[in-house]
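Taking it in order: structure first as structure tokens, then the write-up.
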């Protein structure tokens, strides 16, 4: 699959299901207390007024959650349909269309980057470039919050969602694999959290969250 193929597939999927997705996942109330705590803790680590990009923001729920905690945050997503919902529900926040793999941001311009389950559609061989981009746009001492589904299964392909005939790969990663990729990109791991699978929440596999930091002093 080429760069264009997987990006087009991702954008088409979310453009098609956006309104149904937003109705099915109306907010962060259904999120576990632990996940909300991780997001709130990240906001505190970044600090009030810290410049943060929510990459792959979807309908903007995490963006709004961080903004409510004093972070200066904007959202970026491939899907214009998702962004339309984000702008409608959060008229005071900034949302832009774009790709995480082609960040049009100056070097060292952010205090924080959030990738909350937005890397799960990115093929493995593109992750080094993705994480290098995250590292580039962070200031020394800046933090990355990365959420994803944990597991050894390389992918789960959906051919239908919310009654629509659309296809997309959802990839599961081992936390230690992601840690190694982040460290290779120049990050230092600060926190690793793994929640066990919870069928009551509709989660058949564990859920992982990593917090990594761009060192103040370059390593190597």
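Observations on the model:
Every residue, every condition in (1) farther than 20 Å from residue 211 by Cα; (2) in contact (Cβ under 8 Å) with a residue 12 or more places away in the chain, yes or no:
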residue	(1), (2)
17	yes, yes
21	yes, yes
50	no, yes
57	no, yes
73	no, yes
77	yes, yes
82	yes, yes
88	yes, no
101	no, yes
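- Being under 18 Å from the mean Cα position of the chain (by Cα) and modelled with pLDDT of 95 or more holds for only one residue in 105, 124, and it is 105.
- Candidate set: segment 127-158, residues that are closer than 15 Å to residue 208 by Cβ and more than 15 Å from the chain's Cα centre (by Cα); chosen: the one modelled with the highest pLDDT: 151
- Residue ID - farthest from the chain's Cα centre (by Cα), chosen from residues in segment 78-102 that are outside any helix (DSSP H, G or I) and within 25 Å of residue 132 (Cβ to Cβ): 94
- Taking segment 103-149 as the range and being outside any loop (DSSP other than H, G, I, E, B), without any contact (Cβ under 8 Å) to a residue 60 or more places away in the chain and more than 13 Å from residue 52 (Cα to Cα) as the test, the residues that pass are 124, 125, 127, 128, 129, 130, 131, 132, 133, 136, 149.
- Candidate set from segment 163-174 (those that are part of a loop (DSSP other than H, G, I, E, B) and touching a residue at least 60 places away in the same chain (Cβ under 8 Å)); member that is nearest to residue 5 (Cα to Cα): 167
- Within segment 175-220, being part of a helix (DSSP H, G or I), touching a residue at least 40 places away in the same chain (Cβ under 8 Å), over 17 Å from the mean Cα position of the chain (by Cα) and under 19 Å from residue 145 (Cβ atoms) holds for one residue alone: 184.
- The single condition among (1) at pLDDT below 95; (2) on the phi < 0 side of the Ramachandran plot that residue 162 does not meet is (2).
Quick grid of which residues meet (1) buried (at least 16 other Cβ atoms within 10 Å of the Cβ); (2) out of contact with any strand residue (DSSP E or B) (no Cβ under 9 Å at 6 or more places or on another chain):
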position: 166; (1), (2): yes, no
position: 180; (1), (2): no, yes
position: 190; (1), (2): no, no
position: 194; (1), (2): no, no
position: 208; (1), (2): yes, no
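The values are calculated or read from the model by the stated rules, or taken from the named source; none is laboratory data. Note that the structure is predicted; figures quoted are calculated from it, not measured. So basically every Cβ, Gly included, is an ideal-geometry build from the backbone, and we count neighbours across all protein chains shown.
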